[in-house]
Amino acid sequence: MSGLDAPEIADAYNAVRSDNDATNWMLISYAAATGNKLSLSEKGTGGIAELAASLDDAQVQYGYVRVEYANDAESTRVKFVLVVWIGEHTKVMRKARVSVESGDVKRILSHHSIAITAGDRSELEEKDVVARLRKVGGADYDGGRG
């Protein structure tokens with residue numbers, strides 16, 4: 001594959017999904033050091049805001065983030081979001097490969113509630129992402145106010 005079968009990607013994915021690991025996001029990017037294949041470029045504990053700050057405006061990148069939010073006074077939900085980032089300064093040929101390549105990424109990072117294709121960091125504001133997750137999340141006993 002295009003580098004997506006690397007063990008460090010699987011390890012980071014499992015860390016983000018784990019309830020026992022503080023890691024809550026990971027970022028897959030192209031790296032010249034790996035023969036221009038996709039590889040794990042970063043991971044962290046600062047949530048979607050930290051992921052968004054790590055994005056490169058000149059690249060296509062794939063992020064995976066754990067989002068926790070209170071749905072009502074009685075429960076907290078954990079959902080996973082796949083971010084397909086197409087930076088505004090990305091080369092045209094790199095952009096052209098996203099439709100095929102993102103399918104491969106979705107197979108590797110398969111457990112996610114929503115996928116967001118973004119080219120502007122404002123599309124990754126946590127409150128907006130949580131609102132989208134609420135819409136796909138099922139029962140909301142607090143009427144979306146939580």
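Just a few scattered comments:
- Proximal lysines relative to Lys135, as straight alpha-carbon distance under 18 Å, when same-chain residues fewer than 8 apart are discounted: Lys79, Lys127
- Within the stretch 7-133: Cβ-based charge dipole about Cα centre, in debye rounded to nearest 20 (Lys, Arg +1; Asp, Glu -1): 540
- GNM flexibility winner over the chain from Asn36, Asn14, Asn24 (Cα, springs under 10 Å): Asn36
- Rg ratio (alpha-carbon, reference 2.2 N^0.38 Å) - the stretch 1-127: 1.03
- Accessible surface of the chain, 1.4 Å probe, proportion on carbon and sulfur as whole %: 48
- Orientation-averaged projected area, Cα convex hull of the stretch 49-113 (nm²): 5.1
- Here the simple spin-label model places points 7 Å from the Cα toward Cβ, and for Ala73 and Asp128 these points are separated by 3.2 nm.
- Across the chain, the mean sequence separation of Cα contacts (distance under 8 Å, 6 or more residues apart), normalised by length, yields a relative contact order of 21 percent.
- GNM top mover of Ser18, Ser54, Ser102 - the chain, alpha-carbon springs below 10 Å: Ser18
- Range in the chain, longest, excluding exposed GluC sites (Glu not before Pro) [loop by DSSP; at most 14 other beta-carbon atoms within 10 Å]: 1-73
- Top of Lys95, Lys37, Lys127 by mean-square fluctuation, Gaussian network on the chain, Cα under 10 Å: Lys127
The values are calculated or read from the model by the stated rules, or taken from the named source; none is laboratory data. Given the structure is predicted, the values throughout are model-derived calculations rather than measurements. Virtual Cβ from ideal backbone geometry, glycine too; neighbours counted across all protein chains shown. Keep in mind that these areas ignore ligands, DNA and RNA; they rest on the heavy atoms of the full protein, side chains included. Shrake-Rupley method; radii C 1.70, N 1.55, O 1.52, S 1.80 Å.
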